[in-house]
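Asks: My questions all concern the structure below.
The values are calculated or read from the model by the stated rules, or taken from the named source; none is laboratory data. Everything quoted here is computed from the prediction, not taken from an experiment. Reconstructed Cβ throughout: ideal geometry from the backbone, glycine too, with neighbour counts over all protein chains shown.
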């Protein structure tokens, strides 16, 4: 479990793992948190000998995961984020599915949830096909071979074979790892049985930062591996470009230039009415446009130096 500034979620995340049906260890890779996360982690570790702490001075998820993987004693590696809570059978059933299918990586459904009105709207958008494009790990689906996996249940042997996570990647590291695993001829599998409660960003500024950074890295990864990129990744940047083109046309007095903006506004407002959550139109527009702008920038100039600070600046 890579951990950075998760004071409000860490205890529940740890509890969800320790109360699950498994015999193993929980390794917390602790980044340089600026809140009370690390003292809390130390307290939790003292209370349960199954918890081990690993220092991750760089604070990057990929670095933390690789540090933890190197110290892991068992044959299976299960990634859990500190702002998520796996269901009680996630670990035991996940390993069973790994063995039943012969896969090297198994993932389930990100069950986004929220507490505040804004966070509930973000969670709703996560699980909507209009929000994040309809990937199975967001909206569910039938079990089968998958493009990628949310978090992931791995055989340790495959992680050692492919060299673990690419530490040069800040966002989209799970997709990159899945592609390298598949390139070895291994199976990546999705199972709707496996549910993980995920707590998304709860403020607008954090949502902007997260989706801009994710978009930048998706643009970078798309440029690296265009042949394996899903067509749905091009929809947000196409939206941004159409809105920009419409704005230019409207500046020259052409009323047709207003059509992209008015059409998009009509769609997000209609989806917002359907959701019955007032912030949904704002949330959708924030996700689409932040991600789309980021994708264009990442594809054109690369993602070097772009870090998601939405959980760093607490």
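Asks: Can you tell me which of (1) part of a loop (DSSP other than H, G, I, E, B); (2) under 24 Å from residue 73 (Cβ atoms); (3) out of contact with any strand residue (DSSP E or B) (no Cβ under 8 Å at 6 or more places or on another chain) is the one residue 134 doesn't meet?
Replies: Exception for residue 134: condition (2).
Asks: Let me ask something else. How many residues are in a helix (DSSP H, G or I), within 19 Å of residue 129 (Cβ to Cβ) and in contact (Cβ under 8 Å) with a residue 12 or more places away in the chain if we restrict to region 208-233?
Replies: Taking region 208-233 as the starting set, the residues that turn out to be in a helix (DSSP H, G or I) are 208-224, 226-228, 231-233.
Among the residues that remain, those that are also within 19 Å of residue 129 (Cβ to Cβ) are: 211, 214-215, 218, 231-233.
Next cut, in contact (Cβ under 8 Å) with a residue 12 or more places away in the chain only: 211, 214-215, 218, 232-233.
Summing the residues that are in a helix (DSSP H, G or I), within 19 Å of residue 129 (Cβ to Cβ) and in contact (Cβ under 8 Å) with a residue 12 or more places away in the chain in region 208-233 gives 6.
Asks: Being surrounded by fewer than 18 Cβ atoms within 10 Å (Cβ to Cβ) and in a helix (DSSP H, G or I) is the requirement here; does residue 259 meet it?
Replies: Values: surrounded by fewer than 18 Cβ atoms within 10 Å (Cβ to Cβ): yes; in a helix (DSSP H, G or I): yes.
Spelling it out, residue 259 is indeed surrounded by fewer than 18 Cβ atoms within 10 Å (Cβ to Cβ) and in a helix (DSSP H, G or I).
Asks: Of all residues in region 96-129, which are under 15 Å from residue 83 (Cα atoms) and assigned to a loop (DSSP other than H, G, I, E, B)?
Replies: Scanning region 96-129 gives 113, 114, 115.
Asks: Sticking with this structure for a sec: Residue check: is residue 285 under 23 Å from the mean Cα position of the chain (by Cα), without any contact (Cβ under 8 Å) to a residue 40 or more places away in the chain and either within 25 Å of residue 118 (Cα to Cα) or assigned by TED's automatic domain parsing to the domain that holds residue 133 (or both)?
Replies: Working: under 23 Å from the mean Cα position of the chain (by Cα): yes; without any contact (Cβ under 8 Å) to a residue 40 or more places away in the chain: yes; either within 25 Å of residue 118 (Cα to Cα) or assigned by TED's automatic domain parsing to the domain that holds residue 133 (or both): yes.
Yes, satisfied.
Asks: While we're on this one: Considering each residue of region 271-282, count those that are within 16 Å of residue 239 (Cβ to Cβ) and either out of contact with any helix residue (DSSP H, G or I) (no Cβ under 8 Å at 6 or more places or on another chain) or in contact (Cβ under 8 Å) with a residue 24 or more places away in the chain (or both), and give that number.
Replies: Just the residues of region 271-282 that are within 16 Å of residue 239 (Cβ to Cβ), to begin with: 271, 281-282.
Checking which are either out of contact with any helix residue (DSSP H, G or I) (no Cβ under 8 Å at 6 or more places or on another chain) or in contact (Cβ under 8 Å) with a residue 24 or more places away in the chain (or both) leaves us with 271, 282.
Total meeting the criteria: 2.
Asks: Here's something else I'd like to know. Could you go through region 173-181 and let me know if any residue there is under 20 Å from residue 288 (Cα atoms), crowded, with 17+ Cβ neighbours inside 10 Å and not assigned by TED's automatic domain parsing to the domain that holds residue 292.
Replies: Taking region 173-181 and keeping what is under 20 Å from residue 288 (Cα atoms), we get 175.
Then drop every residue that is not crowded, with 17+ Cβ neighbours inside 10 Å, which leaves 175.
So of that shortlist, the ones also not assigned by TED's automatic domain parsing to the domain that holds residue 292 come out as 175.
Yes, region 173-181 contains a residue that is under 20 Å from residue 288 (Cα atoms), crowded, with 17+ Cβ neighbours inside 10 Å and not assigned by TED's automatic domain parsing to the domain that holds residue 292.
Asks: On to the next question. Considering only residues of region 1-32 that are part of a loop (DSSP other than H, G, I, E, B) and touching a strand residue (DSSP E or B) at 6+ places or on another chain (Cβ under 7 Å), which is nearest to residue 55 (Cα to Cα)?
Replies: Going residue by residue through region 1-32, those that are part of a loop (DSSP other than H, G, I, E, B) are 1, 4-9, 19-25, 31-32.
Applying the additional criterion that residues be touching a strand residue (DSSP E or B) at 6+ places or on another chain (Cβ under 7 Å) yields 1, 20, 25, 31.
Details: 1: 12, 20: 25, 25: 16, 31: 7 Å.
Looking at the filtered set, the residue picked out is 31.
Listed here are the residues, each with its yes/no results for (1) at pLDDT below 95; (2) at negative phi.
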site	(1), (2)
226	yes, yes
240	no, yes
245	no, yes
259	no, yes
263	no, yes
302	yes, no
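Asks: Let me ask something else about it. One residue is enough: does region 93-104 have a residue meeting the conditions surrounded by fewer than 22 Cβ atoms within 10 Å (Cβ to Cβ) and within 13 Å of the chain's Cα centre (by Cα)?
Replies: no
Asks: Suppose the filter is part of a loop (DSSP other than H, G, I, E, B) and closer than 27 Å to residue 288 by Cβ; does residue 73 pass it?
Replies: Values: part of a loop (DSSP other than H, G, I, E, B): yes; closer than 27 Å to residue 288 by Cβ: no.
For residue 73, the condition - part of a loop (DSSP other than H, G, I, E, B) and closer than 27 Å to residue 288 by Cβ - is not met.
Asks: Test residue 45 against the criterion of being part of a helix (DSSP H, G or I), in contact with a strand residue (DSSP E or B) (Cβ under 9 Å, 6 or more places away or on another chain) and either modelled with pLDDT of 95 or more or buried (at least 22 other Cβ atoms within 10 Å of the Cβ) (or both), and give yes or no.
Replies: Numbers: part of a helix (DSSP H, G or I): yes; in contact with a strand residue (DSSP E or B) (Cβ under 9 Å, 6 or more places away or on another chain): yes; either modelled with pLDDT of 95 or more or buried (at least 22 other Cβ atoms within 10 Å of the Cβ) (or both): yes.
Yes: the conditions hold for residue 45.
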